[in-house]
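Worksheet: one structure, shown below.
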């Protein structure tokens, strides 16, 4: 179910079977991830963690689940194709048909982007896996995210942190996406 309130905030409620499929997918990825220590090291480095942290696999699972929830919710809102069949060797796939999704678990968190990210629209999705709810806060193209005022170095990995309050409403992304598909 998709609900848009008077302010343009989009809430997507995922069904139990969709959540079960996401959990199954994440368990498969984590099993694969555990077989390749280099992947564990990369994940730990990105989060500023030790590769031997006892809860690293749980954190990775939670991060992956939130990401897939955000992608699925965005795809449903845009009526875009979406598949969980992306393979680990796929070169630079987009999250949802040319749209990138950043999923967080709190409204206080920001849309995080980097210099090396691909030029695309970026969506900030606030996900709650306990209630299977995703709030699509808004979106902004990478060129507007990667601005000097958003740059932070006081974090484990310096990046651009764009506040949710400056994001464009989701209905404008739907228009942008549909116009791009017509070309």
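Restricting to the range 143-155, give me the number of residues that are farther than 20 Å from residue 171 by Cβ and not in a loop (DSSP other than H, G, I, E, B).
Of all residues in the range 143-155, those farther than 20 Å from residue 171 by Cβ come to 143, 146-155.
Next, only the ones that are not in a loop (DSSP other than H, G, I, E, B) stay: 143, 148-152.
Residues flagged as farther than 20 Å from residue 171 by Cβ and not in a loop (DSSP other than H, G, I, E, B) within the range 143-155 amount to 6.
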The lone exception for residue 161 - which of (1) over 25 Å from residue 25 (Cβ atoms); (2) free of Cβ contacts under 8 Å to residues at least 40 places away in the same chain; (3) crowded, with 16+ Cβ neighbours inside 10 Å it fails: (2)
Flag if residue 135 is touching a strand residue (DSSP E or B) at 6+ places or on another chain (Cβ under 8 Å), in a strand (DSSP E or B), surrounded by 12 or more Cβ atoms within 10 Å (Cβ to Cβ) and without any contact (Cβ under 8 Å) to a residue 60 or more places away in the chain: no
Answer residue from the range 47-63, given it is loosely packed, with under 13 Cβ neighbours inside 10 Å and either over 26 Å from residue 132 (Cα atoms) or under 16 Å from the mean Cα position of the chain (by Cα) (or both) and is modelled with the lowest pLDDT among those: 48
Every residue from the range 1-15 that is surrounded by 12 or more Cβ atoms within 10 Å (Cβ to Cβ) and not in a loop (DSSP other than H, G, I, E, B): 2, 4, 10, 11, 12, 13
Residue within the range 65-74 that is touching a strand residue (DSSP E or B) at 6+ places or on another chain (Cβ under 7 Å), free of Cβ contacts under 8 Å to residues at least 24 places away in the same chain and either outside any loop (DSSP other than H, G, I, E, B) or over 22 Å from residue 18 (Cα atoms) (or both) present: no
Residue match in the range 19-28 (condition: outside any strand (DSSP E or B), touching a helix residue (DSSP H, G or I) at 6+ places or on another chain (Cβ under 9 Å), modelled with pLDDT of 90 or more and closer than 23 Å to residue 173 by Cβ): yes
Where a residue in the range 86-106 is on the phi > 0 side of the Ramachandran plot and at pLDDT 60 or above and its partner, wherever it lies, is in a loop (DSSP other than H, G, I, E, B) and surrounded by 13 or more Cβ atoms within 10 Å (Cβ to Cβ), with Cβ under 9 Å and at least six apart: 97/80; 97/82; 98/80; 98/120
Given (1) outside any helix (DSSP H, G or I); (2) over 25 Å from residue 6 (Cα atoms); (3) at pLDDT 95 or above, index of the condition residue 115 fails: (3)
Filter result for residue 109 (surrounded by 13 or more Cβ atoms within 10 Å (Cβ to Cβ), modelled with pLDDT of 90 or more and farther than 22 Å from residue 20 by Cβ): yes
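The values are calculated or read from the model by the stated rules, or taken from the named source; none is laboratory data. Note that the coordinates shown come from a computational prediction; the quantities given were computed from them, not determined experimentally. Glycine gets a Cβ as well: all are built from the backbone with ideal geometry, and neighbour counts include every protein chain shown.
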